[in-house]
Amino acid sequence: QVQLVESGGGLVQAGGSLRISCAASGRTFSSYAMGWFRQAPGKEREFVAAISWSVGRTAYADSIKGRFTISRDNAKNTMYLQMNSLKPEDTAVYYCAVKESRGLGIVTMSYDYWGQGTQVTVSS
């Protein structure tokens with residue numbers, strides 16, 4: 001099993017920056033990729049970004065491309081999402097997830113393990 005713990009969420013003004021983290025533990029050797037998803041009130045959970053475990057290949061949603069950067073510290077088994085130029089539309093609960101099957105999936109059903117989420121609120 002894989003355990004995931006998100007941290008770093010909070011309240012930020014529009015235009016500001018925030019970095020959230022996801023610490024992975026347990027049976028991580030079979031993981032192919034890690035990803036970030038978010039869910040705003042009344043909306044479906046949507047893909048944000050993903051990164052492969054071995055070579056660091058990345059994928060981003062169009063809505064955040066150029067503003068957010070996903071990264072991973074292999075030694076610490078920790079994934080990060082650096083969020084810049086934040087907008088009120090970015091307000092959501094952000095979840096990290098692990099995918100064991102190959103490919104940088106962008107749908108929630110393709111991921112096998114999930115964290116509890118961390119709240120990010122962007123004010124006007």
Charge-dipole axis of the chain as Lys and Arg at +1 and Asp and Glu at -1 on Cβ define it, positive-most pick from 110, 31, 20: 31
- request: Cross-chain or 8 or more residues apart, Cα under 24 Å: how many lysine pairs in the chain fit that? Count them up, please.
  value: 6
message: Charges at C-beta only: +1 for Lys and Arg, -1 for Asp and Glu. How large is the resulting dipole of the chain about its Cα centre, in Debye rounded to 20?
response: 220 debye
For the chain: accessible area per residue (Å², 1.4 Å): 50 Å²
- request: Could you check how much of the accessible area of segment 1-54 is carbon and sulfur, as a whole percent, using a 1.4 Å probe?
  value: 49 percent
field: Separation in nanometres of the label points that stand 7 Å from Cα toward Cβ, at residue 119 and residue 84
entry: 2.8 nm
- prompt: Tell me, how many Å apart are the Cα centres for segment 49-114 and for segment 22-36?
  reply: 11 Å
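The values are calculated or read from the model by the stated rules, or taken from the named source; none is laboratory data. Since this is a predicted model, take the numbers as computed values, not measurements. Reconstructed Cβ throughout: ideal geometry from the backbone, glycine too, with neighbour counts over all protein chains shown. These area figures cover heavy atoms from the full protein model, side chains too; ligands, DNA and RNA do not enter into them. Shrake-Rupley method; radii C 1.70, N 1.55, O 1.52, S 1.80 Å.
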